[in-house]
Amino acid sequence: MATIKFALHTKSKNKQAPIYVRVIDGKKVDVRRKTNLFIDPAKWSVKNMPIQKDAETRQLAIDLDELKASIQKSFQHESKLGSVIDGNWLVNAINKHFNRTKTDDANLLVTYGKEYLKNLEYKQYDNGRIGASKSSSAKYKAVVKKLDLYDEYVGKKHALTDVDISYGKGITAFMKTEQKLSDNTVGRFLRFVKTICLDAKKNGYDVSDQLDFFKGFTVKTPKIYLTFEEIEKVHSYSFKEEKYRTTASWLVIGCYTGQRVSDLLRMNASMIKQIQGHRFIILVQQKTGKKVQIPIHPKVQNILDTYLGNFPPVFANNLDSAKALFNRYLKKVCEKAGLDEVVNGNKFDKDSKRYLNGNHSKHELVSSHICRRSFCTNFYSTQLYPTPLLMNITAHSSEAQFLDYIGKKPIDYSLQLARIWNNT
């Protein structure tokens, strides 16, 4: 007889959570699937059953008991027949019990991808956060949409087991030639696809034996940043139009705070705190959920003073619109300030609708991301600031990640020690 248990997989107390059923039979069987029944986590007991306080939870408890008995009966029957007891069997047993019409195949990549999207709001992170960020959810939604487009393009609905080396080559070609995506965007896309498949594997679905060899990739690209001198050129330039003065102010603040634009343009006076005589900007990063405490640099304080202790006005109430306008004005601001050094970089080509590498004036290559990269590159390059100190502000997870972000190799620590000794 199999052991059948129900469980929730969320710590959230404010949402309807899906109830999972798990079937275990020694070391031979261990599969888990969603029942498509839901409950408020506050009404779920430590014994993994509804707390029967009202008619709704009492009925749900009855439904689960009946489902459990039905699955047990199916397990015993199929085991005697020598049938394969896996995730497909469990899905079929659940659907048969509830007389559900099967409208799609749970083993299809796009189908599971859509299921993965639904569960992102319950995803648990190491930092204790529950639920994926808005940006992460949007990225996965775009991935699933493109998986669907690829199925249409080749005229085949791919299963999870189809995601192998050959599939990787095919969809890479499709993304580059038909979707006109850059190499690094395709590489990230493949990593997202693998994450979805690994989640399916964790939940008992069959995946390709080649999944371990299905990998994303990163192509080295020029790291464009503004030097301290270039930042000062922008800061000291007299812009006539208000939108450009505001853009310049945000650019300088960004280059001295090291935050993503989604956090930069959310900064406001309420985030400024005084601690032991020093002023800080304290915020929780939107993407990572990490709390960062940023010392206010004199350049930033100078701008705050200009706005009577406040941050510059934002370009729109909607953050996405504000980011778009900031990006649009940045190139013009840098052009007016004379940032015309010719550097190698990737520029969007309107004809091919792709980013192409070439030599361009720096002002043509800037985007909002240049703020964060300039902070990291400039302060790391001075060698006065220990990398962990900078990472505490940028919230990079590791030194390797930080250095890769700015395109630097770790400075040889013995060389650093030699320099210190020779200067003492």
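No lab work stands behind these numbers, since they all come straight from the coordinates. Note that the structure is predicted; figures quoted are calculated from it, not measured. Positions of Cβ are generated from backbone atoms using ideal geometry, with glycine treated the same way; all protein chains shown enter the neighbour counts.
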In whole angstrom, the spacing between the Cα centers of the range 332-407 and the range 57-123 equals 49 Å
All alpha-carbon distances of the range 1-123, grouped into 5 Å bins from 0, give the whole-percent distribution 2, 10, 19, 22, 20, 17, 8, 2, 0
Kirkwood Rh for the range 240-378 from C-alpha pairs, in Å, is 16.1 Å
Per the rule of 0.36 nm per residue minus the C-alpha distance, extending GLU399 to PHE280 adds in nm 40.5 nm
For the chain the mean separation of alpha carbon contacts under 8 Å (6+ apart) over residue count, i.e. relative contact order in percent, is 11 percent
Given 173-181, 222-230, the highest-first ranking by average Cβ count within 10 Å works out to 222-230, 173-181
Least to most buried among ASP162, ASP320, by other C-beta atoms within 10 Å and fewest first, runs ASP320, ASP162
Rg from C-alpha atoms of the chain, normalised by the globular rule of thumb 2.2 N^0.38 Å, equals 1.23
Debye calc, one equal point scatterer per Cα of the range 1-57, no solvent, log10 I(q)/I(0) at q = 0.17, 0.20 1/Å comes to -0.58, -0.75
Two pseudo-spin positions, 7 Å from Cα along C-beta at LEU8 and at LYS408, lie apart in nanometres by 4.6 nm
Highest mean packing first, using Cβ neighbours within 10 angstrom, the peptides 291-298, 259-266, 329-336 sort as 259-266, 329-336, 291-298
Expressed in nanometres to one decimal, the distance between label points 7 Å along Cα→Cβ at GLN16 and ASP148 is 2.2 nm
With 0.36 nm assigned to each residue of separation and the Cα-Cα distance removed, GLU178 to GLN52 gains 39.9 nm
Subtracting the Cα-Cα distance of ALA316 and LYS332 from 0.36 nm times their residue separation yields 3.9 nm
Place a point 7 Å from the Cα of GLU78 in the direction of its beta carbon; the residues of the range 32-58 whose amide N falls under 17 Å from it are 32-36
